[in-house]
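Below: the structure, in C-alpha cells.
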Amino acid sequence: MNEGAWNNVVEQSEGGSVFHRTGWLRAVEEGLGRPARHLVVEKSGNPISVFPNFLVDISVPDIGPVPFDGLGLRRLTSLKPGFGGPVFVGDEQTNFEVTFDNAKRLFAETDAMSHLLKPSSSNFARYASQLADRGYRSEVRSCRFVIDLRQGWDEIKSNMHRSKRSNLKRASENSATVEDRQLDDVALEEFYNTYTSAMDRVDGIQYPFRFFEVLQRELADRIKLFTVTADGEFAGGQLYLLDDESSTMHEFFRGLDAEYFEYNPSELISERAIKWAIEHGYDEYDLGSTAADFTSGSFTYKEELGGELRPIIVWERGDSTPQWHIYRAGRWFVRNQDRIKA
C-alpha cells in the first residue's frame, strides 16, 4: 500500500510509534530477513488500521529463555525488535473487532505456533478482556525505565542515585568528549565495530550490519548518534530512535569500548542525550528494555538513573496442536528449573 497512507494512520492513531513506521518495518524485513505478514483494514478505500507482524524463529527470546532451539519452529510476532500491536483511526470498537477477527485468519494461514503481541504502552491493557476472549494470555517478563523530561535536567539529576551523580561529576572532569555525529558511512562502520565487540562481551543480541544500513537509509531523520572520544580515540557510541509520535527519545543500540570505562562514557552520553531531548521538546527519555528482575545489573543501572518503572505486558495466543502444549510445558520447565531443583 501507499507508504504515506500507512504512516498517516500511525501518526493519527493514539498508539502509533516509530516502530510502526514503514522505515522501521523495512529494516526488520530487509535487514533481518524476517517475512512480513502485515494486516491492513480499509474503509472506503482508506486504511483505518495497520497491524505489523513478522514470522520469527521461536529461538528468538521475546519473553525469556525458550527451549527447542534449532527445530524450525516459528511464531508470528508484533513486533521484534521494538514494540508493535495494531493501531487504529476512527471507531475503536469496530476497528478492534475487525482487526482481530482477521488476525485470527492471518495467523491460521502461517506455519506459526503462536501469535505474540508486544505493545509499546501498558495502555493496551484496555483490551485485556477482549484479548482473553480470543485466547490470548498476558505475561510480564520484562520492563523499561522512562525519565520524564518535562521536569528539567536539574530535577532529573537530583533524582538519580548518588553513585550516578558521582559518576557524572567524574565524567565532567576527565578528558573525554561527546560528539553529536551525523550517521554517515564512516560513523556507522565505526559505531558498528564497537557495538559488535560490546555484544560479544556481554553475550547480547547482535544485529547484522545490513539492519543498520537499512535504518540509515529509511529512518535518517529518526536516528540520533552520540559518540565519545577519549585520549583522541573512539570510545564508543549510543544510537537513539526519535519517536515523534509519542514524543519519546529511545536508547536502543549501545557500543562502548571497555578499555575506556574509566571515563564513564555511558553517563557522559546519557547526560548529553537527555539535555538534547529536553532542548528539542521531547517529553520522555526511554532507557530501554530489561528483564523484570531487580537483581539484574541492567535493571539496577537503569533504576539508579531515576526512571519510572513500566511493565512490558505481552499477549500470546497459541494454536490448538499438541506441539504448542508440549512447547509451553517445556518453556515453563526451562524458566522454573532452578526453583524445581530447590
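The values are calculated or read from the model by the stated rules, or taken from the named source; none is laboratory data. Source: prediction; values computed, not measured. Virtual Cβ from ideal backbone geometry, glycine too; neighbours counted across all protein chains shown. For accessibility, only protein heavy atoms count, side chains too; no ligands or nucleic acids. Shrake-Rupley method; radii C 1.70, N 1.55, O 1.52, S 1.80 Å.
Taking a straight Cα-Cα cut-off under 30 Å and skipping sequence neighbours fewer than 8 places away in the same chain, the lysines within cross-link reach of Lys164 are Lys224, Lys275, Lys302.
Note on region 203-273: with charges restricted to the Cβ of Lys and Arg (+1) and Asp and Glu (-1), its dipole about the Cα centre is near 260 debye. Where the alpha-carbon atoms of region 158-242 are placed on the principal axes, they occupy 39, 30, 28 Å, in descending order. Taking 0.36 nm per residue of separation and subtracting the Cα-Cα distance, full extension of the segment from Asn102 to Asn174 would add 20.2 nm.
Here the Gaussian network model covers the chain, with springs between Cα atoms less than 10 Å apart; of Arg141, Arg217, Arg126, Arg126 fluctuates the most.
Here is how the number arises for the chain: DSSP H runs of 4 or more residues each give -39500 (n - 2.57), the sum is divided by the residue count, and the result at 222 nm is -11500 deg cm²/dmol.
Normalised by the number of residues in the chain, the mean separation of alpha-carbon contacts (under 8 Å, six or more apart) gives a relative contact order of 24 percent. Computed over protein heavy atoms with a 1.4 Å probe, the carbon and sulfur contribution to the accessible area of region 151-227 reaches 43%.
The label-point distance for Ala258 and Lys43, in a model that sets each label 7 Å from Cα toward Cβ, rounds to 5.6 nm.
Counting 0.36 nm for each residue step from Asp221 to Arg310 and taking away their Cα separation leaves a gain of 29.3 nm.
Cα centroid separation, region 120-148 to region 180-248: 29 Å. With protein chains left intact and a 1.4 Å probe, residues in the chain average 47 Å² of accessible area per residue.
Treating the Cα atoms of the chain as identical point scatterers in vacuum, please give the log10 of the normalised Debye intensity I(q)/I(0) at q = 0.07, 0.14, 0.15 Å⁻¹, two decimals. Result of the Debye calculation: -0.31, -1.23, -1.38. Classification of region 180-301 by its C-alpha gyration tensor yields a rounded form. The axis ratio a/c (a ≥ b ≥ c) stays under 1.5.
Give me log10 I(q)/I(0) at q = 0.13, 0.20, 0.21 Å⁻¹ for region 1-153, Debye formula, one equal scatterer per alpha-carbon, no solvent. Once normalised to I(0) and log-transformed, intensities are -0.62, -1.43, -1.55.
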